[in-house]
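Down below is the structure, laid out as structure tokens.
The values are calculated or read from the model by the stated rules, or taken from the named source; none is laboratory data. Only a predicted model underlies this, so the values are computations on that prediction, with no experimental measurement involved. Backbone-built Cβ (ideal geometry, glycine too); neighbour counts: all protein chains shown.
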Amino acid sequence: MEYYVAPGRLNIIGEHTDYNGGFVLPVAIDRYVQVGIEKSEDGLVHVESENFGKFDFNPEDFSPTDSWKDYIIGIFHVLKAEKVIKFPGLKLEIKSNVPEGAGLSSSAALEVAVITALNGFLNLGLTDKDRYLLAQKAENEFVGVKCGIMDQFASVMGKKDHAIFLDTVSMEYEYVPLKTQEYTLVVIDSGVKHSLSDGGYNKRREEAQKALEEFGVSSYRELSLSQLFIKRSQVSEISYKRAMHVITENERVKEAVDILKHSNFENLGRVLNQSHESLAIEYEVSCDEINFIVDTLKEIDGVTGCRMIGGGFGGSVLAICEKAKVGEISKEVKEKYSAAYGKEAKVYIVNSSDGARKDKVL
Ligand code: GAF
């Protein structure tokens, strides 16, 4: 068997900006989906996943299943449609240590791991760009989630010790060194599961698009903060709020890049706090449990800033914490969360990693 891995991603900042033609700053993390691949003689694709169980499908004749299987079958779908590939029988053995529903992009990591394994094992000759665009297409068209490009891009293009500053319009990107010094990136998973396919995500996307129409522009790049204020009375409250988030979040991404390049890592905390306010109040993608974790963290010594991450409606909070205090911070937030909601929060310290590749880590 050959083995391939694709990392999850942690987005430092730039949330709900990728499908709005904006900027993002993700990091590929040291949590992976691994795909073992070998030929099978019976012409079928046999999938065995440690977390989800087993299933088979005929690579020449399949349709969506409305389940997690579609992240895998969807890759075969786009490869057949776009590259006219006829697949042999295969066996795929899938393992993952990317927490699901935690805002760390377990689904994009699965898509990218599968396409990377097929590309490597069958010598399909796909470029990096082919892989992230086709993985996104599978999610958009086969799974039915109109996600942006950030997650698949980060999973393919990740680079250890770097964040990726990506312009989602030109697709130009820059690796920005991630020098965390005496700080570390900590993810607190609320255990409130979100699924992008539940509909809230696609609804926000439609609202953000409608806002552009109401403001009379075709892209957020054409809309400044002062125009937003001037036109406020001519647009709906929802459009004003959604546009306010996108415009200010794009500025925060640029500010964060500036901080990473020229200032101290802990200064990111302030920008993260602002991002959370904007996501909770203007874009309305947070939830009570996540806001509770954010408010609790802000009161704890050693936390310089925090915000919700990922698609929202649950998932996790990213906090920038002093390394030496992570143990105490984690204990306090877990205790307070459990007392308030009767649920267990999980805490993960994440490090950067390289993008998808031929490797065996699990
Ligand atoms: C999800 C999507 F898949 C991304 O494309 C992005 O929009 C993110 O939510 C929000 O920033 O992870």
Filtering the range 107-146 for residues that are buried (at least 24 other Cβ atoms within 10 Å of the Cβ) and within 10 Å of the ligand (Cβ to nearest atom) leaves a count of 4
Report task. Consider TYR3 carefully, then state whether it is under 13 Å from the mean Cα position of the chain (by Cα), of a type in the set (Ser, Thr, Tyr) and either closer than 29 Å to LEU122 by Cβ or at pLDDT 95 or above (or both). Result -> no
Restricting the range 192-223 to residues that are at pLDDT below 95 and not in a helix (DSSP H, G or I), the one farthest from LEU318 (Cα to Cα) turns out to be GLY199
Restricted to the range 88-99 and to residues being surrounded by fewer than 19 Cβ atoms within 10 Å (Cβ to Cβ) and under 23 Å from the mean Cα position of the chain (by Cα), the residue nearest to the ligand (Cβ to nearest atom) is PRO99
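Scanning the range 151-191 for residues that are in a strand (DSSP E or B) and aromatic (Phe, Trp, Tyr), which turns out farthest from the ligand (Cβ to nearest atom)?
Per the stated criteria, the residue is TYR183.
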Just one listed residue, out of ARG252, ARG270, ARG232, is under 30 Å from LYS179 (Cα atoms) and surrounded by fewer than 17 Cβ atoms within 10 Å (Cβ to Cβ), and it is ARG270
Just to be sure, is GLY355 in contact (Cβ under 8 Å) with a residue 24 or more places away in the chain and either within 22 Å of the chain's Cα centre (by Cα) or at positive phi (or both)?
yes
Of the candidates ASP66, ASP70, the one satisfying the condition of being of a type outside the set (Phe, Trp, Tyr), touching a residue at least 40 places away in the same chain (Cβ under 8 Å), more than 14 Å from the ligand (Cβ to nearest atom) and under 30 Å from ILE290 (Cα atoms) is ASP70
field: Any hit, the range 37-58, residues being within 16 Å of the ligand (Cβ to nearest atom), modelled with pLDDT of 95 or more and either surrounded by fewer than 15 Cβ atoms within 10 Å (Cβ to Cβ) or small (Gly, Ala, Ser) (or both)
entry: no
Yes/no for LYS159 being assigned by TED's automatic domain parsing to the domain that holds LYS298 and surrounded by fewer than 24 Cβ atoms within 10 Å (Cβ to Cβ): no
Considering only helices (runs of 4 or more DSSP H) wholly within the range 47-150, the ones with at least 3 residues that are farther than 21 Å from THR168 by Cα are 69-83, 106-121
Residue hits (the range 53-77; over 21 Å from the mean Cα position of the chain (by Cα) and not acidic (Asp, Glu)) are GLY53, LYS54, PHE55, PHE57, ASN58, PRO59, PHE62, SER63, PRO64, THR65, PHE76, HIS77
Checked pairs for the range 214-233, first within 13 Å of GLU251 (Cβ to Cβ) and not assigned by TED's automatic domain parsing to the domain that holds ASP167, second of a type in the set (Val, Ile, Thr) and surrounded by fewer than 15 Cβ atoms within 10 Å (Cβ to Cβ), C-beta under 8 Å and 6 or more apart or across chains, list as ARG221/VAL169
